[in-house]
Structures are given as C-alpha cells and as structure tokens.
Amino acid sequence: MRLEDYKAIFIAVGLIGILIIASPALSLTLSLPLGEPFSEIYVLGPEQQFSNYPYNITEGHNYSITVGVGNHEGSSTYYLMAVKFTNQTELPTNFTAGVPSSLPSLYEHQFLIQDGQTVLKQLTFSISEASFSENQSSIEKLTINGYAFNANTVPEWDASTKGFRCWLLFELWIYNPTTGLLEFSNRFVNLQLNLKST
Amino acid sequence: MCSQTLLYSTAQNTAHPQINIQNVDSKLQAANSAIIQAFNAILDAEESGANVTDLINQLNVGSELLAQANIEYATGNLSSAANNADAVLPIAHEVLVDAQNAKQTISVSGQTTSWSTLALASVGIFSFVLVLFLLWRWLKKKYVTNLYDTKPEVNLHEA
C-alpha cells in the first residue's frame with residue numbers, strides 16, 4: 001500500500017471519529033422532524049374490547065362502555081370530552097368541516113394526557129322517562145355515571161330493527177395555548193343505539 | 001313592599017346563606033382559570049425538558065374535581081358544585097408553583113449540561129485529531145524507513 005492510500009484511510013477515519021465524538025453536542029442543536037400531530041378518540045365495549053357494544057337498549061337498564069382518548073400531538077394536551085345525545089336528524093354528516101354538533105353537551109369531562117399516552121374513561125348510561133306510541137317515542141332523561149340529564153330526544157322508528165334509533169355522540173375538544181380556548185379537534189365518534197319499548 | 005322584599009331575601013339567605021347561581025358560576029370560572037394557568041406552566045416546564053408526569057397526575061385530580069363540579073352545577077346540586085370548585089384551587093396552585101420550580105431547575109441544569117457537553121466534545125475532538133496526527137507521523141516515518149531498507153542502492157548512494 002502506498003502512503004497516499006494510508007492518507008485517505010486516515011482522513012476517512014478522522015471524519016467519522018469527529019462525527020461520533022461530536023454527536024452529543026450536535027443533538028443539542030439539531031432536532032429530528034416530528035410526524036404529523038393528531039389526537040384520537042374511540043369507543044370500546046364493556047370489556048374494553050372492540051366488541052360487545054350495547055345496541056338494543058331498554059329503559060331503566062345500565063349499559064357500560066369505555067371511551068379512549070390518545071394524545072399524539074407532540075406535547076402534553078388538555079382535553080375536553082363532550083357527550084351528546086341525538087337522533088338521526090341532528091347527527092353530524094359533514095366529517096371534514098371541522099364544526100362541532102350544534103347540540104348541547106349533556107356530560108363533559110376534562111383531563112390532561114401526556115404525549116404518547118392514552119386514557120380510558122368508563123361510562124355507564126341508562127335511559128329513563130321514555131314514552132312510546134305506535135311509531136313515535138321520546139326520551140326525557142339520560143343518566144351517565146349516576147348523573148341524570150335532560151335528554152329531550154325524539155328517536156325515529158326503524159322498521160328493519162323494530163326499534164327507535166338514537167346516538168351517543170362523543171366529541172373531543174383540545175385546549176389551544178395560543179388562543180386560550182378549548183377548540184373542537186374534529187375528532188368524534190358516535191355509538192348507535194336501538195331503543196326497544198320492552 | 002320593602003318589608004316583603006326584606007322577608008323574602010332573609011328567607012332565601014337562611015335557606016342558602018352563601019350559595020347562589022352567580023356565586024357558584026364565578027367559583028367554577030375561577031377553578032377553570034386556575035387549571036388552565038397550571039396547565040400552561042406544565043407546558044412551559046415540559047418544553048424546557050422537565051419530567052411533568054407527576055404534575056399531570058396531580059392536575060388531573062383537580063380537573064376531575066372541576067368536571068364533577070360542572071356536572072353538579074348542570075344538575076342543580078349547587079352546594080356540592082361550589083365545594084368541588086373550591087377544592088380545585090389549592091391543587092392547581094400547588095401544580096403551578098411546582099411546574100415553575102421544575103422549569104427553573106431544568107433551565108439552570110440544562111445550561112450547565114449544554115456547556116459541559118460542548119466542552120467535552122471539543123476536548124474529545126482535539127484529542128482524537130492529535131492522536132491521529134501523531135499516528136500519521138509515526139506511520140510516515142516507518143514507511144520511509146522501510147523504503148530505505150528495501151532500496152539498498154539509495155543508502156549506498158547516500159553513503
């Protein structure tokens with residue numbers, strides 16, 4: 001091997017060694033690009049699985065579900081989960097508009113989640129003060145986790161399921177530190193229910 | 001009319017001496033502001049590199065109380081709503097102070113760590129380059145010596 005060949009090897013080893021030794025200092029100034037930030041909300045059944053969702057419901061019985069919220073925003077986030085109760089007419093249809101449902105929230109829950117973490121919230125709900133007549137029904141009260149709320153919902157009759165259709169709607173709102181306000185994150189999930197008279 | 005108003009107001013105060021909707025509403029707003037303030041402090045501390053897990057767990061206790069207070073307010077249980085709203089304030093205040101202290105501590109130690117890292121990296125690079133340079137000199141000298149040994153006519157000429 002000639003001296004020039006050794007020179008090339010020394011230069012290459014030198015550069016690699018300098019990069020390795022300088023890497024802790026470089027990590028202080030350089031930061032890797034993060035992926036797209038997002039949050040997620042989903043509903044699980046009573047066994048915290050994607051199964052066994054309550055569907056056929058009757059007045060006076062308790063039903064359990066679990067709502068999961070995941071934070072992938074890149075920093076700790078303050079969330080508000082708003083629970084609404086609706087029929088087909090008032091169910092949101094435009095999923096890209098970024099506009100929350102105009103229905104009032106019945107039940108709200110605020111919590112903080114660190115980046116990369118997920119929180120599961122147990123919810124138990126029941127219907128009461130429901131009235132039925134031919135193809136009409138109305139629900140006056142919805143109880144969530146022991147708290148009774150005025151539902152005032154009129155579910156529509158569904159001949160195929162022989163029940164009255166209604167939905168539990170879960171909206172996810174996020175606190176924006178810049179504006180100081182809770183803003184709708186355009187993340188929501190709904191659970192369809194089929195109310196039976198007996 | 002005036003005496004009737006006085007009687008009514010006295011009766012109301014006797015039944016709910018310090019609790020009315022406006023009072024509870026302002027307590028809820030104060031509790032909400034306290035939570036938000038504490039959360040902003042946590043964000044600052046997190047941005048500085050502090051570990052905020054415990055702070056978040058602590059503030060979640062407060063936000064749970066606030067959520068309960070809001071629900072109780074909506075369902076008409078004003079006294080419980082007021083109590084829960086009041087209970088939020090010391091929790092949020094403690095988290096706010098702890099988060100500010102955590103940010104301060106991590107800023108100071110972070111600066112020290114940065115300077116130490118830069119200094120060590122500089123010393124490391126300098127040492128490495130020096131070792132390489134000395135190694136190169138030794139290799140070059142050895143190469144030339146070997147060259148002279150393998151070319152006796154060069155040595156003969158010099159002699």
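What pairs can you find where one residue is in region B:88-102 and surrounded by 15 or more Cβ atoms within 10 Å (Cβ to Cβ), the other is among the polar types (S, T, N, Q), and their Cβ atoms are less than 6 Å apart, with a gap of 6+ or different chains?
B:VAL95/B:GLN58; B:LEU96/B:GLN37
Please verify whether region A:132-141 includes one or more residues that are within 30 Å of A:GLY98 (Cβ to Cβ) and either of a type in the set (Ser, Thr, Tyr) or surrounded by 15 or more Cβ atoms within 10 Å (Cβ to Cβ) (or both).
Kept after step one, since they are within 30 Å of A:GLY98 (Cβ to Cβ), are these residues of region A:132-141: A:139.
If we keep only those that are either of a type in the set (Ser, Thr, Tyr) or surrounded by 15 or more Cβ atoms within 10 Å (Cβ to Cβ) (or both) too, we end up with A:139.
Checking region A:132-141: at least one residue is within 30 Å of A:GLY98 (Cβ to Cβ) and either of a type in the set (Ser, Thr, Tyr) or surrounded by 15 or more Cβ atoms within 10 Å (Cβ to Cβ) (or both).
Of all residues being aromatic (Phe, Trp, Tyr) and at pLDDT 95 or above in region A:171-198, which is nearest to B:SER33 (Cα to Cα)? Just the residue, please.
Once the filter is applied, the top-ranked residue is A:TYR175.
For B:SER63, are the conditions met, namely being within 23 Å of A:GLU73 (Cβ to Cβ) and among the small types (Gly, Ala, Ser)?
When the stated conditions are applied, B:SER63 passes them.
In region A:91-127, which residues are assigned to a strand (DSSP E or B), in contact with a Ser or Thr (Cβ under 8 Å, 6 or more places away or on another chain) and not aromatic (Phe, Trp, Tyr)?
A:GLN110, A:LEU112, A:ILE113, A:LEU120, A:LYS121, A:GLN122, A:LEU123, A:THR124, A:SER126, A:ILE127
Output the qualifying pairs, or none if there are none: Cβ atoms under 6 angstrom, residues six or more apart or on different chains, first residue in region A:141-168 and free of Cβ contacts under 8 Å to residues at least 24 places away in the same chain and of a type in the set (Phe, Trp, Tyr), second residue open to solvent by less than 20 Å² (accessible area, probe 1.4 Å) and outside any loop (DSSP other than H, G, I, E, B).
Hits for this filter: A:TRP157/A:PHE164.
Please indicate, with yes or no, whether at least one residue in region B:41-59 is within 12 Å of B:ASP86 (Cα to Cα) and within 11 Å of another protein chain (Cβ to nearest Cβ).
There is no residue in region B:41-59 that is within 12 Å of B:ASP86 (Cα to Cα) and within 11 Å of another protein chain (Cβ to nearest Cβ).
Taking into account only those residues within region B:100-150 that are of a type in the set (Ser, Thr, Tyr) and at the interface with another protein chain (Cβ under 9 Å from one of its Cβ atoms), which is farthest from A:PRO24 (Cα to Cα)?
B:TYR143
Please count how many residues of region A:22-70 are modelled with pLDDT of 85 or more and either within 30 Å of A:LEU80 (Cβ to Cβ) or aliphatic (A, V, I, L, M) (or both).
34
The values are calculated or read from the model by the stated rules, or taken from the named source; none is laboratory data. Keep in mind it's a predicted model, so treat the numbers as computed, not measured. Please note: Cβ atoms are built from the backbone with ideal geometry, for glycine as well, and neighbour counts cover all protein chains shown. Please note that ligands, DNA and RNA were not included when accessible areas were found on the heavy atoms of the full protein model with its side chains. Shrake-Rupley method; radii C 1.70, N 1.55, O 1.52, S 1.80 Å.
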